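The values are calculated or read from the model by the stated rules, or taken from the named source; none is laboratory data. Bear in mind that the values here come from a model prediction, so they are computed numbers and not experimental data. Cβ placement follows ideal geometry from the backbone for every residue including glycine, while neighbour counts extend to all protein chains displayed.
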């Protein structure tokens, strides 16, 4: 059965299904290696914040922003680490295709929560430092930046792709 008939897109490469799964898993792991340190640093920062001397002096709004940001960071970490746990627990059970399918979705949602967490961290810090209008501008700008760069830009490209974009032209016989 052809890849297209199974709902899989051809990569335009001369590779078997197993080779494609191996390549896809490698690419996914590289992407997670970029995202996870950011989540870990943000989470560590957020865990340390309540132990700072002036934390008890923050406003109720800042406490809510802090808590929501902490929760978004924890959710992001859980979603981005899940592929590793899934792989470990299903190792030797020929689940690579399912792993890649799930990991792709978990990573996209995890990046969404990371964008919210980073926006929340910027919101919290800008509110503590400047308050009001600056907080609104920084927060809206951060959310627009993450949404545009991480989601709208690739989705726009994905929607506008022609079938010829999916597979390169065969090499000429020159």
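Does at least one position in segment 116-134 carry a residue that is more than 27 Å from residue 43 (Cβ to Cβ), modelled with pLDDT of 95 or more and either exposed (fewer than 11 other Cβ atoms within 10 Å of the Cβ) or touching a helix residue (DSSP H, G or I) at 6+ places or on another chain (Cβ under 8 Å) (or both)?
Within segment 116-134, one or more residues are more than 27 Å from residue 43 (Cβ to Cβ), modelled with pLDDT of 95 or more and either exposed (fewer than 11 other Cβ atoms within 10 Å of the Cβ) or touching a helix residue (DSSP H, G or I) at 6+ places or on another chain (Cβ under 8 Å) (or both).
Scan segment 135-152 residue by residue and report those that are within 18 Å of residue 60 (Cα to Cα) and surrounded by 14 or more Cβ atoms within 10 Å (Cβ to Cβ).
135, 139
Out of curiosity, is residue 112 modelled with pLDDT of 95 or more and either in contact with a helix residue (DSSP H, G or I) (Cβ under 6 Å, 6 or more places away or on another chain) or within 30 Å of residue 63 (Cβ to Cβ) (or both)?
yes
Report, by residue number, each residue of segment 90-107 that is assigned to a helix (DSSP H, G or I) and over 22 Å from the mean Cα position of the chain (by Cα).
90
Can you name the residue in segment 11-60 that is outside any helix (DSSP H, G or I) and surrounded by 13 or more Cβ atoms within 10 Å (Cβ to Cβ) and, of all such residues, is modelled with the highest pLDDT?
58
Would it be correct to say that residue 63 is surrounded by 14 or more Cβ atoms within 10 Å (Cβ to Cβ) and either out of contact with any strand residue (DSSP E or B) (no Cβ under 8 Å at 6 or more places or on another chain) or modelled with pLDDT of 90 or more (or both)?
Spelling it out, residue 63 is indeed surrounded by 14 or more Cβ atoms within 10 Å (Cβ to Cβ) and either out of contact with any strand residue (DSSP E or B) (no Cβ under 8 Å at 6 or more places or on another chain) or modelled with pLDDT of 90 or more (or both).
Could you list, in sequence order, all residues of segment 27-42 that are touching a residue at least 12 places away in the same chain (Cβ under 8 Å) and within 19 Å of residue 120 (Cα to Cα)?
Passing the criteria: 35, 36, 38, 39, 40, 42.
Return the residues of segment 75-107 that are within 26 Å of residue 125 (Cα to Cα) and either touching a strand residue (DSSP E or B) at 6+ places or on another chain (Cβ under 8 Å) or surrounded by fewer than 16 Cβ atoms within 10 Å (Cβ to Cβ) (or both); say none if nothing qualifies.
78
Quick test of your reading of the structure: residue 144 fulfils all but one of (1) without any contact (Cβ under 8 Å) to a residue 40 or more places away in the chain; (2) closer than 28 Å to residue 26 by Cα. Name the failing condition by number.
For residue 144, the failing item is (2).
Please specify each residue of segment 43-69 satisfying the condition of being touching a residue at least 40 places away in the same chain (Cβ under 8 Å) and under 17 Å from the mean Cα position of the chain (by Cα).
Residue satisfying the conditions is 69 alone.
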